[in-house]
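Novice: Quick one: the structure is below, and I'll ask about it shortly.
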Amino acid sequence: MKVFIAVDNNNGMDSLVGERFGRAGYFLIYDTVGDAIVSIEKNAYQNDAQGVGIKIATLAVEKGCSAAIGPQPGPKAEEVLANAGIKMLIADKGTAREAIQHFRPQLET
Amino acid sequence: MIIAVASGKGGTGKTLVTTALALSAGECTYIDLDVEEPNGAIFLKPDIREEIAYTVPVPVIDKDKCTFCGACARACVYHALVVIPISRSTVVFPELCHSCGVCGFVCPVEGAVRETHREIGKIRKGNRGSIQFIEGRLNIGQPSAVPLISGITSNYITGENGRLYLLDSSPGTACPVVETLKNSDYVLLVTEPTPFGLNDLELAVELVRDMGKKAGIIINKDDERQTLIDDFCRRVQLPILLRIPYSLEIQEAYSRGIPLTEVRPVMKTQLKDLMGRITDGRW
Ligand code: SF4
Ligand code: SF4
């Protein structure tokens, strides 16, 4: 399963989980099957005035993710994720590695 | 003739002035375009004859016809639409939609994008004697007053020859004000002789000048000892058309919804004269 993680810096699995979902600095996509990072990319929408949450949630959909980890998203992003069947797992501290370990049971499907 | 009454900030007496103008004019159309907080009716006490729900079109996507190609979502610059192919679903955020129609235009499938209507506010119409009264009232939680304002001005300002329209604008200098002033021939700016009043007036004058509108100033709560508005008007060469004296009696009447023309009947002549000069192009 591919997991979409909102992080604040680009430091592999040691990247810190972002403080805000839509405005996180980077997005890390992790594959739980191969236990490897698929990609880390900069949040191109970080400074957009509007629609950030929607754009990020759409990105998670486009990347084919089945779960997302990060702080509580806004209602619009949440609605998009829910409609796409992407499981939202709330975390706002620790590293990407710790988050994956912590949520491992929920990611085993 | 379309006269808009605006002010850089709220609470300067904009509605006090507009309603007094309407009551002095005789035959006219008063339109309350301060749609987030319309209060002209408090002073004019019109008989409301009609209430219309004002709606804007928003798309609905027919899931049986849609191929989930995503063309509509990519074309929507307001991000009001999301298409999710994996779950064969779509999400529309009506409050983000600007009713531009692009989604329906780009959709390759006939009938996949349909239109529905979303109410954003109410328009109330009525009369007070020879004054035709129109008011816009934005529903709570609507992000923008602009569509309602443009809907009212485009439907009800018919440009009938010689008819006087008085537009009570929202305060400030943001989009709703621009939308209101856009349709006017002349702008009356109401201000108070205080440093705050001056500051907001400066912004309002800048806006009016940018829009290329003719304008004049009305000083409310005038105090002869305070000349800062006079000095400013001299500098930017704008005429001061009227001074409403600072008076507890007027203030008190205002708080009870009594129009200026009832507390100071003599002002009727002054206000009528003022409108006459504007209409004749003398100001
Ligand atoms: S009408 Fe325009 S703004 Fe509304 S959803 Fe369609 S493309 Fe977006
Ligand atoms: S453009 Fe038409 S067919 Fe394509 S996703 Fe949008 S509504 Fe569906």
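Novice: Per residue of region B:208-220, what does 6.51 cos²θ - 1.76 cosθ + 1.60 with θ = phi - 60° give for ³J(HN,Hα)? Whole Hz please, x for Gly and Pro, Karplus curve as stated.
Specialist: 4, 5, 4, 8, x, 9, 6, 8, x, 10, 10, 9, 9
Novice: Applying 1/(1 + (r/R0)^6) with R0 = 41 Å to the Cβ-Cβ distance of A:A36 and B:R88, what FRET efficiency is obtained, to the nearest 0.05?
Specialist: 0.85
Novice: Same structure, new question: Determine which residues of region B:19-56 fall in the zone a paramagnetic label at B:N155 would reach in this model, i.e. backbone nitrogen under 11 Å from the point 7 Å along Cα→Cβ.
Specialist: Under cut-off, by backbone N: B:51-56.
Novice: Note down the net charge around B:K9, summing +1 for each Lys or Arg and -1 for each Asp or Glu among other residues with Cβ under 10 Å from its Cβ.
Specialist: Around B:K9, the surrounding residues sum to -1.
Novice: What aspartates and glutamates sit close enough to A:K93 to cross-link, taking a C-alpha to C-alpha distance under 18 Å and skipping anything fewer than 8 places away on the same chain?
Specialist: Those aspartates and glutamates meeting the cut-off are A:D8, A:D14, A:E19.
Novice: Okay, moving on. Read phi for every residue in region A:32-44 and hand back ³J(HN,Hα) as whole Hz from Karplus 6.51 cos²θ - 1.76 cosθ + 1.60, θ = phi - 60°, with x for Gly and Pro.
Specialist: So the J values, rounded to whole Hz, are 6, 6, x, 6, 8, 6, 7, 6, 10, 10, 5, 6, 6.
Novice: Enumerate cysteines in chain B without a disulfide-compatible partner, where compatibility requires another Cys Cβ under 4.7 angstrom.
Specialist: B:C28, B:C66, B:C69, B:C76, B:C97, B:C100, B:C107, B:C175, B:C233 - these cysteines have no disulfide-compatible partner (Cβ-Cβ under 4.7 Å) in chain B.
Novice: Within straight cross-link reach of B:K272, meaning Cα distance under 22 Å, which lysines are found once same-chain residues fewer than 8 apart are removed?
Specialist: B:K14, B:K45, B:K213, B:K214, B:K221
Novice: Just from the alpha-carbon atoms, what are the Rg and Dmax of the protein assembly as shown in angstroms?
Specialist: Taking only Cα atoms of the protein assembly as shown, I get Rg and Dmax of 27.8, 87 Å.
Novice: Kindly state, as a whole number, the per residue volume in cubic angstrom of the convex hull around the alpha carbon atoms of chain A.
Specialist: 80
Novice: Also: What does the average come to when, for each residue of peptide B:77-89, you count the partner chain Cβ atoms lying within 10 Å of its Cβ?
Specialist: Values: counts 2, 3, 10, 3, 2, 12, 3, 10, 3, 7, 6, 1, 5.
Mean shielding count: 5.
Novice: Once every DSSP H run of n ≥ 4 in chain A is given -39500 (n - 2.57) and the sum is divided by its residues, what mean residue ellipticity at 222 nm do you get, rounded to the nearest 500 deg cm²/dmol?
Specialist: My calculation for chain A gives -9000 deg cm²/dmol from helical runs alone.
Novice: Let me ask something additional. Compute, for region B:20-125, the length of the dipole vector about the Cα centre, with Cβ point charges of +1 (Lys, Arg) and -1 (Asp, Glu) only. Units Debye, rounded to 20.
Specialist: The dipole of region B:20-125 has a size of about 440 debye.
Novice: Tilt of helix B:14-25 relative to the longest C-alpha principal axis of chain B, in degrees (0 to 90, nearest 10)?
Specialist: 70
Novice: Calculate the FRET efficiency for B:E224 and B:K45 from the Cβ-Cβ distance with a Förster distance of 30 Å, rounded to the nearest 0.05.
Specialist: With a Förster radius of 30 Å, E is 0.35.
Novice: Viscosity 1.306 mPa s, temperature 10 °C: what is the translational diffusion coefficient of region B:1-120 from Stokes-Einstein with a Kirkwood Rh over Cα pairs, rounded to a whole number of µm²/s?
Specialist: Approximately 89 µm²/s, per Stokes-Einstein.
Novice: Between B:S247 and B:E202, what is the FRET efficiency for a Förster distance of 22 Å, r being their Cβ-Cβ separation, to the nearest 0.05?
Specialist: 0.25
Novice: If you don't mind, there's one more thing I want to ask. Using the 10 angstrom Cβ neighbour count as an exposure proxy, how do B:R256, B:R118, B:R234 rank, fewest first?
Specialist: Ascending Cβ contact count within 10 Å gives the list B:R256, B:R234, B:R118.
Each reported figure results from applying straightforward, stated rules to the coordinates on display, with no laboratory input. The structure presented is a predicted model; accordingly, all values stated were derived computationally and were not measured. Neighbour counts run over all protein chains shown; Cβ positions are idealised from the backbone, glycine included.
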